[in-house]
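The values are calculated or read from the model by the stated rules, or taken from the named source; none is laboratory data. Just so it is clear, the model here is predicted, and its values are computed rather than measured. As a convention, Cβ positions derive from the backbone with ideal geometry for all residues, glycine included, and neighbour counts pool all protein chains shown. Please note that ligands, DNA and RNA were not included when accessible areas were found on the heavy atoms of the full protein model with its side chains. Shrake-Rupley method; radii C 1.70, N 1.55, O 1.52, S 1.80 Å.
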Amino acid sequence: MMHKILQPRQPSPSRSLILDRIARHAQRTPDAPALQDSQSTLSYAELQARIEALSMSLQASGFEQLGLLMDNGTDWIICQLAALHAGLCVTPIPLFFSPTQAHHLLDSCGIELLLCDQLSRLSELSIDAIQRPDIHRGAVRCRNVQARPLSRPKGTCLITFTSGTTGTPKGVCLSSASLDQLCHALYQQIEPLQIERHTSLLPLSVLLEHVAGVLLSLYAGAHCSLYAASHTGLSGSGQLDPAALTVLLQHSQPQSLILVPELLQALVALAAHGQAPDSLRFIAVGGGHLPPQLRQQAQQLSLPVYEGYGLSECGSVVSLNTPQQQRCGSVGKPLPHCQVKLADDHEILVRGAAMLGYLGEPVQQDEWLATGDIGALDGAGYLHIQGRKRNLLINSFGRNLSPEWIEAELCASPLIAQACLFGDARPFNVALITAAAEASDAAIDNQIEQLNDRLPDYARVGDWVTSRIPFSSANGLLTPNCRLRREQIQMAYQSAIDACYRPDRPQNAIAAPLSESLSAPLATIKQEFV
């Protein structure tokens, strides 16, 4: 077997405006805090030194594609910025991905060098790895990845994978210039607020937090707190501990946050109990539909909530409401570097902020990116989201899911004749099931439990109910070619579906009454910050 001889890489000749801004802050305000986690606080001078030192090690290693398998923390950002400085391409691996999805990602990108603070995950993922402490204390060389990775467009510095609307996530390829452009555009919008402290709650593998949260904060010279899931209370992609979240926010006193609707719901509950920090100036909400009643509750509690819209293919943010320009019910005006128009069928098209392309697919030639979302532009230029062209669930934690994927998995069981999945803007999925003849509830429970064991957490079935009668074209619940009429099915079973999300429902572990969680003792969690 021939072994590849690794040669030191030369730094990319392209300049990164984000790195330039960090270097400028390190010169002008070297002692100002840049990044903080539960272990340490780094000044801008220390951050710059760490970036340069790791960049040299990465260049000397000869590897071209870097993977990040890390919980939130300063190391995550240092590794990503050092790779950018060294001209390497980085692929974050979401910790909430299933082993199958993670392997698909590793093979698709051909990741040979993995920076990891989750060494226990390596055996879970069956990764044959050799530790490389000469590069980084968490560096491992992966030896069992696919020899021929998928092609990526020239200039790709970051590959971010969607959460997988089907079982196989797609890799979105972004350039350094697109990250610079987005950070600059966002900075123009929020600069009047003079935000000095941002706290990251979402996983950094989620592009929205990575770019619009951390990179934007560093671009602006602000202080960003990056605590691991054990401190934020948010684990996986759908488990929330309100007590841990309360302590974190009281400790960090952020001026800005990025939230998905489910986290805003938690923050509203904290504010109603007088436990939300009064330091907040800007709360950006995205990643899913924001219910009007939740927006109204936040406003009544004087929470500075501003809704936005975006997608990974556009670097994460396309439009945003701000204190200077906002319209309730809209997702704001397009950012300065974006152009938005509507197709004849009202699909939202975006130009000026598009990705380089998808991993392994031909580079997109059309300058207008079709988003798959249906919307409207009002007379003042505010964008309003009205729905989606294709069947797609976006849960209240911002994860995307094709219901057909899970429905097919459910109906693969001989115990289940039909299934229809619900979960849009909800914290977990509910399946409406037509059981096969003589199938018991206990047997179906067992089948769903086995299915959930091999699914990523955002795709699992949190609860299920039995349909009264099979879906058919005769009763209007199927089309003539036997496709589900989802709206009609939901209308017919709305009360049964809604009952699954009641707080006292025993199967619902996520939606436990928040008021009860807030009354729990916080001393144990507080000790972790002392």
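General observations
- Elements of type strands (runs of 3 or more DSSP E) in the stretch 261-369, at least 3 residues being closer than 28 Å to Ser217 by Cβ and open to solvent by 20 Å² or more (accessible area, probe 1.4 Å): 305-309
- Test: residue in the stretch 394-411 that is in a loop (DSSP other than H, G, I, E, B), aromatic (Phe, Trp, Tyr), open to solvent by less than 40 Å² (accessible area, probe 1.4 Å) and on the phi < 0 side of the Ramachandran plot: yes
- Condition check for Leu311 on (1) in contact with a Cys (Cβ under 8 Å, 6 or more places away or on another chain); (2) hydrophobic (A, V, I, L, M, F, W, C); (3) modelled with pLDDT under 95: one failure, at (1).
- Within the stretch 279-296, considering residues that are at pLDDT 95 or above and out of contact with any Phe, Trp or Tyr (no Cβ under 8 Å at 6 or more places or on another chain), the one farthest from Thr160 (Cα to Cα): Ser279
- Filter pass, Leu207 being among the hydrophobic types (A, V, I, L, M, F, W, C) and within 22 Å of Leu303 (Cα to Cα): no
- For the stretch 367-406, the set of residues classified as hydrophobic (A, V, I, L, M, F, W, C), at pLDDT 90 or above and under 13 Å from Leu342 (Cα atoms) consists of Trp368, Leu369, Ala370, Ala376, Leu377, Leu383, Ile385, listed by residue number.
- Screening Leu369 against (1) in contact with a helix residue (DSSP H, G or I) (Cβ under 8 Å, 6 or more places away or on another chain); (2) in contact (Cβ under 8 Å) with a residue 60 or more places away in the chain leaves a single unmet condition, (2).
- Verdict on Val363 being under 26 Å from Leu215 (Cβ atoms) and at pLDDT 95 or above: no
- Candidates in the stretch 119-145 are the residues that are assigned to a loop (DSSP other than H, G, I, E, B) and farther than 23 Å from Ile51 by Cα; of these, the one that is least open to solvent (accessible area, probe 1.4 Å) is Leu125.
- Test for Ala436: is it open to solvent by 10 Å² or more (accessible area, probe 1.4 Å), over 17 Å from Asn391 (Cβ atoms) and either in contact (Cβ under 8 Å) with a residue 12 or more places away in the chain or among the charged types (D, E, K, R) (or both): yes
- Counting only residues that are over 21 Å from Ser200 (Cα atoms) and either open to solvent by 10 Å² or more (accessible area, probe 1.4 Å) or in contact with an Asp or Glu (Cβ under 7 Å, 6 or more places away or on another chain) (or both), the stretch 63-83 holds 3 of them.
- Residues that are over 18 Å from Leu257 (Cα atoms) and aliphatic (A, V, I, L, M) within the stretch 312-351 comprise Leu335, Val340, Leu342, Ala343, Ile348, Leu349, Val350, listed in sequence order.
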